[in-house]
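Single-structure report; data block below.
The values are calculated or read from the model by the stated rules, or taken from the named source; none is laboratory data. Predicted model only: the values in this text are computed from it and were never measured. When we count neighbours, we look across all protein chains shown, and the Cβ atoms used for this are built from the backbone with ideal geometry, even at glycine.
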Amino acid sequence: MTATNGRVISGDSHVMEPPDLWSKTLSARFGDRTPRLMSEWRGVRGRFFFTGNQVRNLGDIEKDAETRGGVEAGYIPEKRIAFQDEAGVACEVMYTSAMLAQMRSKDPEVLREAAKVYNDWIFEFCSYDIKRLVPIAMIPMHDVAWAVAELNRNLARGFKGAMINMGAPSGQPAYRDPSYDPFWARASEAAAPITLHSGTGSFPDPFHFATAKEREESPGVLLNGYGEIMIVLANDFIYGGLLDRFPKLAVVCSEFELSWIPHFLWRLDQMQGSMSHRLNLRQLKERASDYMKSRVYHGTIDDDHAAYTIGLIGASQVIWGSDYPHVRSISLNAPKILERHFSALTAVDRAKVVAGNARALYRLQA
């Protein structure tokens with residue numbers, strides 16, 4: 001594969017934080033409000049994790065990870081580098097696992113402190129080899145001044161970007177509101193990509209529903225969770241004017257795959273065209289769909305329709321990620337798997353998707 005001497009770069013990988021990370025640092029201050037490990041939930045014994053919003057079955061998560069190379073590669077950096085070498089991965093952009101669901105917390109005070117604890121931990125983890133373990137900060141967006149300060153704190157020590165809530169937190173103004181402008185301005189100035197990741201929006205995680213009634217709603221909840229990205233992009237970043245006001249702001253949509261994009265492109269342009277006189281939409285500087293082809297980056301793992309969609313939006317906006325060690329992840333022999341998965345692309349476009357785009361966007365040295 002034409003990539004990095006036959007190796008690839010994952011633009012979306014995950015750590016597996018020690019489950020006692022927050023209880024050791026925050027329990028004395030916040031008590032039962034603290035994200036923490038639980039040995040029982042609803043009368044069932046096991047390994048559970050309270051996120052501040054939802055209880056997740058940690059045992060199931062760890063079981064999935066074990067089938068993909070082991071939980072220890074999620075929190076021991078030496079083992080992660082060994083995994084990279086075995087899998088043919090040059091480096092990984094590192095996202096959280098446990099904090100994805102924490103971003104839906106209704107307790108912003110605890111969430112901000114939990115994010116700081118995580119950011120310190122991921123910095124220590126990635127410092128083992130920061131060229132191959134690339135840290136991305138977690139920045140809850142309830143308090144814009146705090147968010148700017150936390151972004152600055154982490155950029156100063158080598159972080160390459162930040163993950164924020166997929167949409168504005170409950171009770172807060174939408175992202176298009178000018179109150180968020182200091183954050184977008186700082187991210188633009190620093191060339192720090194801002195990630196909108198699945199699982200951090202308003203919908204709960206259906207993989208951890210506990211009751212039969214909840215599970216009946218799982219398909220719809222999962223689909224709505226993935227579809228939420230369209231609302232945020234359309235309302236805030238495109239028609240809300242954010243990408244016009246901040247022309248250097250880079251947005252990364254992670255783990256939404258690519259298949260939804262063709263329909264979304266058509267709808268964006270339909271609204272700008274035949275529907276514009278009825279919707280009173282903001283006048284954009286570009287064709288609405290063009291923002292998806294030049295300003296927004298799109299993550300893919302194993303979408304069967306990736307090649308078709310890449311033909312519509314261009315290979316330069318697509319970043320492959322392994323999602324390791326989560327349930328959908330591609331782990332060992334990644335280069336060979338991707339050679340087959342992206343066989344319809346030219347060698348030049350394949351190299352962009354599996355390595356080049358991530359290297360350029362995050363200014364990587366590996």
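Computed values, structure above
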read-out: Some residue of segment 156-174 being of a type in the set (A, V, I, L, M, F, W, C) and in contact with a Lys or Arg (Cβ under 7 Å, 6 or more places away or on another chain); value: no
read-out: Hey, Gly161 touching a Gly at 6+ places or on another chain (Cβ under 7 Å) and within 21 Å of Ala101 (Cα to Cα) or not; value: no
read-out: Scope segment 155-167; condition surrounded by fewer than 22 Cβ atoms within 10 Å (Cβ to Cβ) and either of a type in the set (Val, Ile, Thr) or within 17 Å of Ser198 (Cβ to Cβ) (or both); matching residues; value: Gly167
read-out: Condition met for Gly52 (at pLDDT below 95 and touching a helix residue (DSSP H, G or I) at 6+ places or on another chain (Cβ under 6 Å)); value: yes
read-out: Residue that is at pLDDT below 95, exposed (fewer than 14 other Cβ atoms within 10 Å of the Cβ) and within 30 Å of Gly240 (Cβ to Cβ), where the choices are Arg340, Arg278; value: Arg278
read-out: Residue that is on the phi > 0 side of the Ramachandran plot and under 17 Å from the mean Cα position of the chain (by Cα), where the choices are Glu257, Glu228; value: Glu257
read-out: Segment 308-337 - residue that is part of a helix (DSSP H, G or I) and at pLDDT below 95 and, of those, surrounded by the fewest Cβ atoms within 10 Å (Cβ to Cβ); value: Lys336
read-out: Strands (runs of 3 or more DSSP E) within segment 1-60 that include 3 or more residues under 18 Å from Arg104 (Cα atoms) and in contact (Cβ under 8 Å) with a residue 12 or more places away in the chain; value: 55-57
read-out: Residue within segment 136-152 that is within 19 Å of Ala73 (Cα to Cα), at pLDDT 95 or above and in contact with a helix residue (DSSP H, G or I) (Cβ under 7 Å, 6 or more places away or on another chain) present; value: no
read-out: Within segment 357-366, tally of residues that are over 17 Å from Lys293 (Cβ atoms) and either part of a helix (DSSP H, G or I) or among the hydrophobic types (A, V, I, L, M, F, W, C) (or both); value: 5
read-out: Number of the exception - Ala147 against (1) buried (at least 18 other Cβ atoms within 10 Å of the Cβ); (2) out of contact with any Pro (no Cβ under 9 Å at 6 or more places or on another chain); value: (2)
read-out: Checking Lys293 against (1) among the charged types (D, E, K, R); (2) within 30 Å of Glu72 (Cα to Cα); (3) assigned to a helix (DSSP H, G or I), the condition it does not meet; value: (2)
read-out: Matching helices (runs of 4 or more DSSP H) fully within segment 200-288 where at least 1 residues are under 30 Å from Ser97 (Cα atoms) and of a type in the set (Ser, Thr, Tyr); value: 218-232
read-out: Residue satisfying all of: in segment 209-235; touching a residue at least 40 places away in the same chain (Cβ under 8 Å) and buried (at least 17 other Cβ atoms within 10 Å of the Cβ); nearest to Glu40 (Cα to Cα) among these; value: Glu228
read-out: Subset of segment 191-208 (residues that are surrounded by 17 or more Cβ atoms within 10 Å (Cβ to Cβ) and either at pLDDT 95 or above or hydroxyl-bearing (Ser, Thr, Tyr) (or both)); value: Ala192, Pro193, Ile194, Thr195, Leu196, His197, Ser198, Thr200
